[in-house]
There are 2 protein chains.
Amino acid sequence: MNYTENSNDAKRRELGSSTRATGSVTLNDVAKLADVSPITVSRAINQPNKVAPKTLERISQAISRTGYFPNQLASGLASRRSHLIAAIVPTMANSVHAETISFFCDRLRDSGYQVLLGETGYSEDQEESLIATVLSRRPDGILLTGTSHSKTSRRLLIGADIPVVETWDLTPTPIDVVIGFSHQHIGQAVAEYLLNKGYRHIGIVSASDNRAKIRARVFIETLARHGNIEVAVSFVSELTNFRLGREGLAHLLDNGFGEGAVFCSSDTLAQGALAEAQARGLLIPDQLAIIGLGDQPYAAHTYPALTTVRFDREIMGRRAAEALLARINGEPVTENCIDIGFSILERETT
Amino acid sequence: MNYTENSNDAKRRELGSSTRATGSVTLNDVAKLADVSPITVSRAINQPNKVAPKTLERISQAISRTGYFPNQLASGLASRRSHLIAAIVPTMANSVHAETISFFCDRLRDSGYQVLLGETGYSEDQEESLIATVLSRRPDGILLTGTSHSKTSRRLLIGADIPVVETWDLTPTPIDVVIGFSHQHIGQAVAEYLLNKGYRHIGIVSASDNRAKIRARVFIETLARHGNIEVAVSFVSELTNFRLGREGLAHLLDNGFGEGAVFCSSDTLAQGALAEAQARGLLIPDQLAIIGLGDQPYAAHTYPALTTVRFDREIMGRRAAEALLARINGEPVTENCIDIGFSILERETT
DNA sequence: CCGTATTATGGTAACGATACCACAGAAACA
DNA sequence: TGTTTCTGTGGTATCGTTACCATAATACGG
């Protein structure tokens with residue numbers, strides 16, 4: 001009964017348009033119009049200096065006349081270069097990551113690479129499945145957040161044989177390149193800073209993601225060792241927000257923490273803590289000192305201005321992009337472990 | 001001189017491995033091992049219910065034995081479904097957009113679609129070139145921020161013949177579907193709210209992106225019409241931050257704006273303004289009332305708590321994803337203009 | 001037990017680009 | 001002028017997958 005259709009199909013094929021034709025303009029159409037071979041059009045687009053000026057002119061006219069634009073899927077398949085870079089972050093809802101990615105995109109903009117985004121929600125399992133999914137797009141490189149990955153994740157990444165940049169942390173054993181800062185050192189540095197300022201009654205309001213936990217651990221250890229101080233601890237979830245900061249400090253205060261200094265594991269938490277302290281009428285920093293982490297844009301402008309730990313997200317995002325591009329282009333990357341450092345910005349809350 | 005190489009190549013080809021072989025496991029390898037045809041493996045992956053259980057079992061063993069994972073570039077090329085959705089935002093550094101994208105990704109996670117990210121930096125030109133680049137990846141759908149696009153952009157998008165969702169605004173003439181809220185109505189509603197509260201001395205600290213300018217215009221018009229009030233105006237850049245909020249309010253106060261109410265075009269600006277007011281010892285809201293926009297997580301917890309205009313980024317992100325998926329799957333989308341509305345949350349700063 | 005509907009599988013030809021090699025003609029050199 | 005290098009271009013095969021059609025095998029109803 002569908003004989004008619006079949007013969008139609010056959011006719012269509014004879015006429016040169018296949019059953020699966022999409023109607024969209026292809027490189028071939030441009031080539032025909034410009035009266036050159038497809039490969040020359042391809043060269044005109046990708047290596048124009050290898051094509052004679054007159055030919056180039058004819059081709060670019062044909063391109064604009066047909067409204068052609070390339071199909072990067074086909075290009076990626078044939079050239080084994082997808083011109084895609086995957087970026088995997090815990091969550092974009094945390095503005096420090098959003099900012100890093102923003103700088104990362106900026107740096108990539110004019111390189112012909114585009115960013116494939118994935119969120120893990122701080123879960124290693126989800127990271128693993130995300131990595132598998134993302135690798136099936138054959139990205140030319142991948143940006144990861146953190147240095148802690150499941151065995152399978154590492155295996156997949158190594159097997160993919162593409163540049164990998166890990167960020168937000170340091171490790172002596174990166175998969176490929178790591179760009180970040182030491183969370184141990186931050187824990188220690190903040191502890192020592194507070195000791196030097198003379199604080200002896202110290203608490204911490206901390207998120208519970210891996211990196212925050214490391215900072216908290218070293219912070220607590222350092223204070224125990226150097227000042228024989230027992231730290232009052234209040235852990236909140238991985239995802240932090242203003243409310244959790246208020247609640248975290250409230251928890252400390254309601255459980256006997258009087259006056260002293262509190263290290264908050266993010267500026268968001270610190271800002272919440274600040275509000276809670278003010279709501280309770282505590283004098284800052286005389287009765288309660290607060291130090292945050294991240295140097296978010298608002299940190300310099302809270303009232304009083306927030307003391308915080310600063311690290312440069314612009315440098316991290318940009319250098320991550322540069323490292324990936326360098327690796328992709330086969331340039332040697334001399335350092336595979338880049339410490340961007342951090343600093344403590346003393347403002348008015350300590 | 002390279003005859004030897006040629007004959008090597010020929011030999012290699014005879015042996016079945018071509019010059020361009022990549023070494024990676026393909027569907028064919030799996031098919032051979034499972035002793036079925038490639039197309040059956042493809043079906044086993046994409047429509048497992050169409051394959052006999054025993055065959056399925058053999059294939060999935062072959063897959064895990066070989067460590068195969070699919071090449072989505074090839075898949076996309078052959079099936080004309082890239083399973084890619086492009087998301088274009090002004091900047092991820094603005095947390096309201098980052099959040100929207102986060103919810104958007106969440107909703108898409110288990111659908112097999114992934115997000116290709118692009119930032120326009122609030123520039124229409126950059127949006128245009130970004131759209132062209134992105135479309136060359138043949139995404140199955142695209143999310144845009146705002147409803148104002150260049151002619152070329154519109155032409156490209158319509159030509160691409162894929163679902164398009166515009167967000168963050170409303171328009172009677174969407175390209176395809178629009179999900180957002182009315183910036184005119186916000187300008188009017190905030191003006192009326194302040195009038196009803198009895199304020200007669202009113203200022204505005206506003207960003208200068210399209211949507212903020214529309215809100216500002218209607219705000220000013222409404223106050224002129226209904227209260228015969230001349231609004232003190234302080235415009236800042238497109239990208240807002242805390243500092244600009246302080247400076248914006250300072251500008252107003254230094255130019256003769258005494259006591260009254262100020263509408264800030266984002267909570268970020270409002271927070272900065274709040275700090276500036278406090279630094280100057282102004283009583284809030286008695287001497288200076290402030291209303292923001294966005295209901296950022298911290299807005300409920302500033303001290304005093306910030307009155308603001310709220311709209312639901314979760315709903316916007318999620319519904320945008322759902323609309324795109326529905327369109328892609330050919331389901332009818334009844335409404336092509338979805339107003340998610342907004343509300344004024346009265347807290348302590350007004 | 002036969003004809004029909006359904007299920008499971010395969011062969012072949014795309015999808016739209018680039019890699020690889022070959023080669024003609026121009027330019028450079030002896 | 002003859003030889004060699006360089007420049008510009010094209011032919012063909014391929015990248016790894018799926019669409020389309022065909023067909024064998026099985027189930028089903030009377």
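What residue among B:166, B:127, B:221 has the largest mean-square fluctuation in a Gaussian network model of chain B, using Cα springs under 10 Å?
So, out of B:166, B:127, B:221, the one fluctuating most is B:221.
Between residue A:238 and residue B:49, what is the spin-label point distance in nm, taking each point 7 Å from the Cα along the Cα→C-beta axis?
3.3
I need the peptides A:112-123, B:264-275 ranked by packing, meaning the mean over residues of other C-beta atoms within 10 angstrom, with the highest value on top. Can you show the working numbers first?
On the way: A:112-123: 20.0, B:264-275: 29.2.
For the peptides A:112-123, B:264-275, the packing ranking is B:264-275, A:112-123.
Treating the angle as unsigned and between 0 and 90°, give the value, to the nearest 10°, between the Cα long axis of helix B:313-328 and the longest Cα principal axis of chain B.
Once rounded, the angle reads 40 degrees.
May I ask you to order B:137-143, A:276-282 by the average number of other C-beta atoms within 10 Å around their residues, highest value first?
Numbers: B:137-143: 24.3, A:276-282: 17.1.
Listed from highest to lowest mean packing, they are B:137-143, A:276-282.
When the gyration tensor of the protein assembly as shown is built from Cα positions, what are the square roots of 5 times its three eigenvalues, in whole Å, from largest to smallest? Can you show the working numbers first?
On the way: eigenvalues 502, 229, 99 Å².
With the √(5λ) rule applied to the protein assembly as shown, the semi-axes are 50, 34, 22 Å.
Other chains near B:109-122: what is the mean number of their Cβ atoms within 10 Å of each residue's Cβ?
Details: counts 7, 0, 0, 1, 1, 9, 6, 6, 10, 4, 6, 0, 4, 0.
Going residue by residue through B:109-122 and averaging, the value is 4.
Report P(r) for the stretch A:263-350: all Cα-Cα distances, bin width 10 Å, range 0 to the bin holding the largest distance, values in whole percent.
17, 38, 19, 16, 9, 2
How big is the gap, in Å, between the Cα center of the stretch A:238-253 and the Cα center of the stretch B:312-350?
30
Taking a 26 Å limit on the Cα-Cα distance, which of the listed pairs A:54/B:151; B:151/B:213; B:32/B:54 fall beyond it? Present the calculation step by step, with values, prior to reporting the outcome.
On the way: A:54/B:151 31 Å; B:151/B:213 21 Å; B:32/B:54 16 Å.
Violating the 26 Å limit, Cα to Cα: A:54/B:151.
Regarding chain A, what whole-number volume in Å³ per residue does the convex hull of its Cα atoms give? Each step should come with its number before you reach the end.
On the way: hull volume 70.2 nm³, N = 350.
Normalising the Cα hull of chain A by residue number yields 201 Å³.
Can you give the mean number of other chain Cβ atoms that lie within 10 Å of the Cβ atoms in peptide A:237-245?
Working: counts 0, 0, 0, 1, 4, 7, 4, 2, 2.
The per-residue average across the peptide is 2.
Hey, got the average number of other protein chain Cβ atoms within 10 angstrom for residues in B:89-102?
Values: counts 2, 0, 5, 14, 11, 4, 7, 0, 3, 10, 6, 2, 6, 10.
Partner Cβ neighbours, averaged per residue: 6.
Can you give the % of DSSP beta bridges in the protein assembly as shown that are antiparallel, to the nearest 5? Could the numbers behind the result be given before it?
Numbers: 9 of 77 bridges.
About 10 percent, rounded to the nearest 5.
Measure nothing but the geometry: give the 0 to 90° angle between the long axis through the Cα atoms of B:210-227 and the longest principal axis through the Cα atoms of chain B, rounded to 10°.
30
Please compute the Kirkwood hydrodynamic radius over the stretch B:117-238, one decimal place, Å, based on all pairs of different Cα atoms. Show your work: numbers first, answer last.
Working: mean 1/r = 0.0621 Å⁻¹.
Across the stretch B:117-238, the inverse of the average 1/r is 16.1 Å.
log10 I(q)/I(0), Debye, Cα-only the stretch A:170-252, no solvent, q = 0.24 Å⁻¹?
The calculated log intensity ratios at q = 0.24 Å⁻¹ are -1.14.
Treat the stretch A:183-310 as a sphere of radius equal to its Kirkwood radius over Cα pairs and apply Stokes-Einstein at 10 °C in a medium of 1.306 mPa s; give the translational diffusion coefficient in µm²/s, rounded to a whole number. Write out the running numbers ahead of the final one.
Working: Rh = 13.9 Å.
Diffusion coefficient, whole number: 114 µm²/s.
Hey, what number do you get for chain A at 222 nm if only DSSP H runs of n ≥ 4 count, each worth -39500 (n - 2.57), divided across all residues, to the nearest 500? Mind dumping the intermediate values first?
Numbers: 13 runs with 161 residues, N = 350.
Taken over chain A, the calculation gives -14500 deg cm²/dmol.
Give the percent of DSSP beta bridges with both residues in chain A that are antiparallel, rounded to the nearest 5.
Working: 3 of 37 bridges.
Within chain A, antiparallel bridges account for around 10 percent of the total.
None of the figures in this text is laboratory data; all of them are computed from the coordinates on show. Predicted model, so just to flag it, every value in this text is computed and none were measured. Backbone-built Cβ (ideal geometry, glycine too); neighbour counts: all protein chains shown.
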